[in-house]
1. Quick one: helix B:263-272 against the long Cα principal axis of chain B, what's the angle to the nearest 10°, folded into 0 to 90?
2. For chain B, compute the orientation-averaged projected area of the C-alpha convex hull (one quarter of its surface), in nm².
3. Where does helix B:158-188 land angle-wise versus the long Cα axis of chain B, in degrees 0 to 90, nearest 10?
4. Suppose we flag chymotrypsin sites (Phe, Trp or Tyr not before Pro) only when DSSP calls them loop and at most 16 other Cβ atoms lie within 10 Å. Which is the longest uninterrupted stretch of chain B?
5. Going through the stretch B:68-104, which GluC sites (Glu not before Pro) have at most 13 other Cβ atoms within 10 Å and a DSSP loop state?
6. Compare the Cα positions of B:Trp479, B:Thr450, B:Cys429 along the charge dipole of the stretch B:387-508 (+1 at Cβ of Lys, Arg; -1 at Cβ of Asp, Glu; about the Cα centre) and return the one farthest towards the positive end.
7. Quick query: amide H of A:Glu7 versus all other amide H atoms, modeled in the peptide plane; which residues come in under 5 Å with a sequence gap of 5 or more or a different chain?
8. Can you give the average number of partner chain beta-carbon atoms within 10 Å of each beta-carbon in peptide B:86-94, as a whole number?
Amino acid sequence: MNRPVIEVDDYMHPEERAVTNRIVALTQMDSWAESGMGEGLDDTNQYICSASYYAVPSRHMIAREAEAAAELFGLGQLPKLYIARKFSYDLQLSGYHEPTVIVPSALVDEHDEGMIRCRICGALAGVKAGHHQLEYLLWIIENMSGSIPIPFASQAACTLLYEWKRAIRYSQDRAVYLATGNLEEALRNILYGTVPQETLKRFTFGSNGTFDPQVRRYSKGLVEKTVGAFASLMQDYAYLPERYSRLIQFAEGRSGQ
Amino acid sequence: MKIDFGKLFDAEMVHPLEYESAKACQSVAVYDWLAKQAAQIKKNLTDLPEAAARWFPVNQFTSPRLHGLYMLALKRLNCAEEYPLFLKNGYDLTAKALGSRSEGHMIVMNDACAEELNDGELLALLGQQIGHIRGDHIQQLELLDLLESSAQSIPMMGTIIGKKLWSYFADWLVASQYTADRAAVFAAQSVYAVESLLLRQIGLDPASPEAKALEQQPVKQAKGKSGVFFIKSWHEMPAFGNVERIQEVRAWVRSGEMKKDHPQVYYQCRVEENDPAFSPEDESVLRLHASAMEGDAKAAVKLAELYVQGKEALPVCTAAAACLFQYAACQGDPLAMRYLIGFMQHGIENMENDERRIEQLFRAAYSRKLATSRPNPYGPLPVNESLRALVGNLEQKYGVSSPDVEDLQRAKDAFWIPQDDDVYSCSVCTNSDGWLFGLAASSTGLYGRTDEKSLPFMIKWEEFEARDLYSRETDDGWWIFSGPARLIQKPKDMHGTMAELLILLKKACPSS
């Protein structure tokens with residue numbers, strides 16, 4: 001029996017929805033897309049990716065995983081997939097009308113099928129939700145911000161962008177959980193590539209005595225919260241305990257339904 | 001031993017696209033003025049004095065392997081200047097050439113390269129950077145950097161100006177990489193090494209099937225390269241355009257132009273990549289190249305003869321023939337030695353008509369049973385009777401063991417020593433291409449080779465007796481000389497070395 005398609009509404013975090021609405025209202029981004037700028041960006045993006053990265057053929061394991069994920073999220077067309085050497089284990093989305101997913105070679109070389117599946121699901125859920133388009137447009141704003149002659153305007157714009165970038169992480173974490181149906185795997189995905197493999201192997205996700213004390217400590221302390229809130233103005237990093245606890249909360253909410 | 005690829009001239013190195021795109025850039029009225037201003041500003045902001053304090057310098061003491069490879073790359077690209085080389089902390093498998101024409105250049109390499117790349121890939125990477133310097137790309141890159149940072153500070157318009165600027169230079173940036181890759185082929189003397197480096201930078205294993213598939217990967221050309229996006233890519237992507245570069249360098253080594261100007265490179269690269277043959281003639285030529293590359297001196301001579309005559313689909317190419325004859329002669333092939341004599345006597349490929357070297361080659365060839373009806377024009381040489389006893393004494397004194405038979409034969413072949421000579425002592429080293437250098441003392445004289453740029457030499461004992469023996473500092477450190485001839489590097493501790501043997505021999509000379 002076929003699984004029902006996972007809709008964007010199923011996994012979009014309320015925070016993402018709120019921030020996206022704010023950004024669109026503020027910048028009128030949706031009207032930019034109509035101007036034909038998207039085609040120009042796609043054109044260059046396709047050139048850069050095809051001239052610089054290895055295009056994943058349909059027989060490749062990554063392509064097969066992507067096909068399965070695309071079916072789960074009801075993506076009519078598979079985005080273009082490339083493999084590249086990257087320091088991070090995170091997949092990168094780009095393109096406007098023609099989305100591309102760039103898979104780091106380090107992730108492929110690890111041969112951890114569970115994690116490859118999680119990361120691909122997260123990326124394709126992002127494509128379905130249009131994260132690649134916003135990332136593109138936001139990148140332009142980020143670059144243009146240096147030329148804005150209004151004091152603190154660029155800092156304010158960047159803060160908004162960072163908030164959005166954090167919020168899409170929470171949405172993608174939810175999508176991974178929904179796609180795999182495995183909370184432990186989805187939690188491991190959050191820490192994968194950040195926590196050393198050796199340490200990660202010793203975790204028992206979602207139970208006391210593992211990552212939970214750190215999560216609790218993070219959420220309880222006023223000083224930590226203040227420092228975290230202040231630091232989040234300067235960077236787009238979504239704190240691991242934050243992502244971890246939000247996903248558990250989401251999973252608990254769903255099991256309670 | 002690796003067969004020398006020959007010289008790559010600047011005109012051959014520059015990719016045609018670079019000529020066109022550079023011309024387009026320079027056609028802008030203010031270009032010359034901007035370039036001058038940028039050079040002036042950069043002159044005062046040069047990184048060179050700071051570099052030594054910030055990064056790890058590579059030299060023969062700090063990193064002998066990397067330094068040795070760097071020297072080899074410089075030599076193969078015929079580069080007389082040794083630009084300072086530094087290592088810095090970095091994950092990407094890249095290096096960067098910096099500096100200016102007036103203040104000199106330097107190369108900074110990420111330390112991941114030294115750890116993860118093999119010798120061929122490192123030579124390719126260094127070759128790319130030397131290519132950028134030789135191709136005078138650094139001026140333009142520095143100008144771009146300066147213009148970009150200046151443009152960024154213009155309120156409102158900065159980004160737009162920057163966008164136009166980078167899109168204007170986009171074609172040149174891509175083409176300059178192609179030029180650098182061509183230099184890398186000659187520095188690594190292998191197209192496989194260059195491809196392998198570019199593949200590793202993308203994150204692919206060069207041995208994987210994916211690597212092979214890249215040759216066929218379609219590259220979608222952008223209509224107008226968007227400047228804003230280009231800045232992002234150029235700065236953030238260490239492997240920018242690598243797929244296109246692999247396809248371009250593969251096409252270049254297989255081009256008709258390469259087959260005509262550097263046929264040996266063309267065939268060697270095809271052998272290296274296991275390319276299929278087009279015809280039975282092509283197959284036989286490919287097979288000969290493969291055998292020669294594996295060290296078959298007879299195949300090298302056969303091939304060189306074909307290059308001289310321009311037979312079996314090969315063009316007439318005396319440069320390739322000279323490289324192959326030298327390669328075979330240094331493996332002791334008498335026919336190759338005889339051909340080299342001919343090249344020297346007729347000044348082919350700028351070979352010096354040196355009477356002494358011709359005599360040395362004649363003796364070496366005849367003693368190796370050169371099949372000819374003509375008698376050897378040179379008679380036997382007098383033998384130094386005291387040498388055997390002296391070497392015996394030294395061995396006893398320092399417990400130095402005699403070189404084994406195989407090493408002795410290799411030295412005899414590499415230094416063109418007559419086969420029937422007794423070699424009593426030798427001090428040799430091998431470079432990364434397998435060529436032998438050093439000095440050997442035989443019954444008829446001293447034979448050796450000092451570096452890649454020179455051919456083997458000979459000093460008869462009577463000449464040794466008549467000349468002064470002394471040490472002198474040169475660009476390469478301290479050397480021991482006999483008259484005008486450089487013999488061997490002077491070691492710090494001379495005990496039990498060839499240098500001490502030379503001094504003792506000199507003392508034993510009746511004239512001393």
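Read the figures in this text as sums done on the coordinates, not as results from a lab. Given the structure is predicted, the values throughout are model-derived calculations rather than measurements. Every residue, glycine as well, gets a Cβ built from its backbone with ideal geometry; the counts of neighbours run over all protein chains shown.
1. 80
2. 28.2
3. Result, in degrees: 20.
4. It runs B:92-277.
5. Numbers: sites: B:Glu81, B:Glu82, B:Glu103; in loops: B:Glu81, B:Glu82, B:Glu103.
Sparse-neighbourhood loop GluC sites (Glu not before Pro): B:Glu81, B:Glu82.
6. B:Trp479
7. HN-HN under 5 Å from A:Glu7: empty list.
8. Working: counts 0, 0, 0, 0, 1, 3, 3, 1, 0.
Average per residue, whole number: 1.
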